[in-house]
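The values are calculated or read from the model by the stated rules, or taken from the named source; none is laboratory data. All figures in this text were calculated on a predicted structure; none of them were measured in a lab. Backbone-built Cβ (ideal geometry, glycine too); neighbour counts: all protein chains shown. Quick note on the areas: whole protein, heavy atoms, side chains included, nothing else; ligands and nucleic acids left out. Shrake-Rupley method; radii C 1.70, N 1.55, O 1.52, S 1.80 Å.
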Amino acid sequence: MTENPELRAAVAAGVVGSEESFRTLLSAIVEVARSIFGARASSILLLDTASEELVFEAVVGEGEDTLLGTRFPAGTGIAGWVLATRTPLVIEDVRSDPRFASDVAEETGYVPKGLMAAPLLHEEGALGVLSVLDRPEQTLFSLQEMELLGLFANQAAIAVDLLLKARKAEALLAGGGGELEVVARLAGAVDVLEDEQRDAGFRLLRHLADTLGA
């Protein structure tokens with residue numbers, strides 16, 4: 001079998017066929033972030049490298065019924081700035097900030113007053129942006145809040161990385177078949193086993209992946 005490093009990485013992590021579970025995890029992260037900060041909304045934007053667009057991958061609160069899947073150019077607005085600079089940002093009044101893309105916000109149907117945003121960084125890549133919108137006005141921003149936002153962003157970046165690996169694996173399988181399909185079925189079967197059996201199964205698959213890589 002010809003080695004494919006992306007499929008190998010996906011199988012080793014046990015993510016083949018698991019896109020829905022990682023999407024659910026991202027939704028849980030934004031829900032907890034919104035609750036912790038007492039915000040009106042929270043969202044995760046994922047970078048689509050093929051189209052150079054940011055895509056709403058998880059949304060809770062204001063806009064959750066309409067924003068999922070919405071896209072805009074990756075270099076646009078505050079989120080685009082956070083992604084490009086890999087720098088977290090807190091803005092109390094977005095309309096006074098020249099980086100704010102009011103036209104894009106108005107198209108989404110929800111224009112926030114203030115926001116906190118952090119890049120989703122994994123290994124060498126910037127995968128997207130986590131945003132928390134409109135915290136209570138009486139709440140003063142603190143460095144502890146930025147640290148907490150960073151923790152949420154780290155967890156989201158891990159989930160996004162696994163989600164992207166799952167998507168790559170599914171795309172490879174769609175065009176691969178044969179041996180790739182057999183390996184994917186094995187990974188999917190192992191993924192639903194109970195704790196100890198699941199761990200043992202994935203150890204076996206990792207040994208298999210290492211052997212194929214050798």
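Checked against (1) free of Cβ contacts under 8 Å to residues at least 24 places away in the same chain; (2) of a type outside the set (A, V, I, L, M); (3) crowded, with 18+ Cβ neighbours inside 10 Å; (4) assigned to a helix (DSSP H, G or I), Phe100 passes all but a single condition, namely (4).
Residue count for segment 122-142 satisfying the condition of being surrounded by fewer than 18 Cβ atoms within 10 Å (Cβ to Cβ), touching a strand residue (DSSP E or B) at 6+ places or on another chain (Cβ under 8 Å) and not small (Gly, Ala, Ser): 1. Whenever a residue of segment 183-206 is at pLDDT 65 or above and part of a helix (DSSP H, G or I), it has no partner that is open to solvent by less than 30 Å² (accessible area, probe 1.4 Å) and of a type in the set (D, E, K, R) lying with C-beta atoms less than 9 angstrom away and at least six residues away or across chains.
So that you can scan it fast, the table gives a plain yes or no per residue for (1) over 19 Å from Lys168 (Cβ atoms); (2) open to solvent by 40 Å² or more (accessible area, probe 1.4 Å); (3) modelled with pLDDT under 75; (4) out of contact with any helix residue (DSSP H, G or I) (no Cβ under 8 Å at 6 or more places or on another chain):
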| residue | (1), (2), (3), (4) |
| --- | --- |
| Asn4 | no, yes, yes, no |
| Gly14 | no, no, yes, no |
| Phe22 | no, no, no, no |
| Leu25 | no, yes, no, no |
| Arg34 | yes, yes, no, yes |
| Thr49 | no, yes, no, yes |
| Glu53 | no, yes, no, yes |
| Val60 | yes, no, no, no |
| Glu64 | yes, yes, no, yes |
